[in-house]
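Trainee: Have a look at this one.
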Amino acid sequence: MIVLKSQREIEAMKKAGEILAACHKEIANLIKPGITTWEIDQFVETFLQEHGATPEQKGYKGYQYATCASINDEICHGFPRKEPLKEGDIVTIDMVVNYNGALADSAWSYAVGNVSSEVEHLLKVTKEALYKGIEQAKPGNRIGDIGHAIQTYVESEGLSVVRDFIGHGIGTVIHEKPDVPHYGLPGKGPRIKEGMVFTIEPMVNIGMFFSKMDANGWTARTVDGTYSAQYEHTIAITKDGPIILTDQD
Ligand code: MF3
Ligand code: CO
């Protein structure tokens, strides 16, 4: 069942989204060679506390941290760790913020110092793909239109879209319907309606789209060892189109 949200519920989620966006903007300034994802996770805990919010991922299905921190070939659900980031790395910080019971979810990939032009291209295409997906998220379109726009663009740039992890409805729990794949066919899937709130969160690999799971049961990484990036926003559908609840601008 797809739960449609009232304007009031969307406003509440937007407040969570504003805190999350502000947190990402702070993280952008922290990321440099030498910092650890453990320190970033600690920073997020403190930042949310100071803003009267809580990290929804912590305790979710036994997950232990406020953030997911996925480095280089890690696709998603990497654990924060005490190993310093190095020049040329990329790291995706993903978190869900709870503010007064309303949630927002946003992941962002960051370059650590200078990265290769190939990795620069990966970051640029992945971010652009997110916005191409968002453009399709309007009443009357179908969920498949989002994935199709993302997949077509990413593949035209010679990169691949991860299949094993997808976007999702979100409200008072992290994962609701609808499922939002970042690949697929136009005109397929549920019709997009005013009041839907869901994430779009393409994960894009330089090489093949296949993922494998680490022994920790959480962290997914590319099978071929190529780097993977991700950008995620939580969006609400209005009659005039999407609004980005986690917008950083
Ligand atoms: N933020 C993730 C998403 O985009 C959810 C991660 S669940 C966790 O779907 F338990 F790993 F934190
Ligand atoms: Co997320």
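The values are calculated or read from the model by the stated rules, or taken from the named source; none is laboratory data. None of these values were measured; they are calculated from a predicted model. With ideal geometry, Cβ positions are generated from the backbone for all residues, glycine too; neighbour counts draw on all protein chains shown. Side chains included, ligands, DNA and RNA excluded: accessible areas come from the protein's heavy atoms. Shrake-Rupley method; radii C 1.70, N 1.55, O 1.52, S 1.80 Å.
Trainee: Taking H121 as the residue in question, decide whether it is more than 16 Å from ligand 2 (Cβ to nearest atom), in contact with a Leu (Cβ under 7 Å, 6 or more places away or on another chain), in a helix (DSSP H, G or I) and modelled with pLDDT of 95 or more.
Mentor: No, not satisfied.
Trainee: Still on this model: With G113, G158, G101 as the choices, which residue is touching a helix residue (DSSP H, G or I) at 6+ places or on another chain (Cβ under 8 Å) and not hydrophobic (A, V, I, L, M, F, W, C)?
Mentor: G101
Trainee: Of the residues that sit in region 34-63 and are within 14 Å of ligand 1 (Cβ to nearest atom) and aromatic (F, W, Y), which one is least open to solvent (accessible area, probe 1.4 Å)?
Mentor: The extreme case among them is Y63.
Trainee: Can you tell me which residues in region 101-118 are of a type outside the set (A, V, I, L, M, F, W, C), touching a residue at least 12 places away in the same chain (Cβ under 8 Å) and either out of contact with any strand residue (DSSP E or B) (no Cβ under 6 Å at 6 or more places or on another chain) or within 13 Å of ligand 2 (Cβ to nearest atom) (or both)?
Mentor: Across region 101-118, the qualifying residues are G101, D105, S106, S109, G113, N114, S116, E118.
Trainee: Here's a follow-up. Take the residues in region 80-95 that are away from ligand 2 (no atom under 15 Å from the Cβ) and buried (at least 16 other Cβ atoms within 10 Å of the Cβ), then tell me which one is nearest to the chain's Cα centre (by Cα).
Mentor: I90
Trainee: Only residues in region 52-76 that are among the basic types (K, R) and within 12 Å of ligand 2 (Cβ to nearest atom) count as the first member; pair them with residues that are open to solvent by 10 Å² or more (accessible area, probe 1.4 Å) and modelled with pLDDT of 95 or more, Cβ under 9 angstrom, at least 6 apart or cross-chain, and list the lot.
Mentor: Partner pairs satisfying both residue conditions: none exist.
Trainee: Looking at region 149-197, which of its residues are in contact (Cβ under 8 Å) with a residue 60 or more places away in the chain, among the hydrophobic types (A, V, I, L, M, F, W, C), crowded, with 20+ Cβ neighbours inside 10 Å and within 14 Å of ligand 1 (Cβ to nearest atom)?
Mentor: V162, I170, V197 - these are the residues of region 149-197 that are in contact (Cβ under 8 Å) with a residue 60 or more places away in the chain, among the hydrophobic types (A, V, I, L, M, F, W, C), crowded, with 20+ Cβ neighbours inside 10 Å and within 14 Å of ligand 1 (Cβ to nearest atom).
Trainee: Scan region 193-204 and tell me whether some residue there is closer than 30 Å to A22 by Cβ, of a type in the set (K, R) and either at pLDDT below 95 or touching a Leu at 6+ places or on another chain (Cβ under 9 Å) (or both).
Mentor: Checked against the condition, which is being closer than 30 Å to A22 by Cβ, of a type in the set (K, R) and either at pLDDT below 95 or touching a Leu at 6+ places or on another chain (Cβ under 9 Å) (or both), region 193-204 yields at least one hit.
Trainee: Taking E232, is it closer than 27 Å to M13 by Cα and surrounded by 18 or more Cβ atoms within 10 Å (Cβ to Cβ)?
Mentor: The answer is yes for E232.
Trainee: All but one of (1) polar (S, T, N, Q); (2) surrounded by fewer than 21 Cβ atoms within 10 Å (Cβ to Cβ); (3) farther than 21 Å from E176 by Cα; (4) within 16 Å of ligand 2 (Cβ to nearest atom) hold for N98; which doesn't?
Mentor: Here N98 meets the rest and fails (3).
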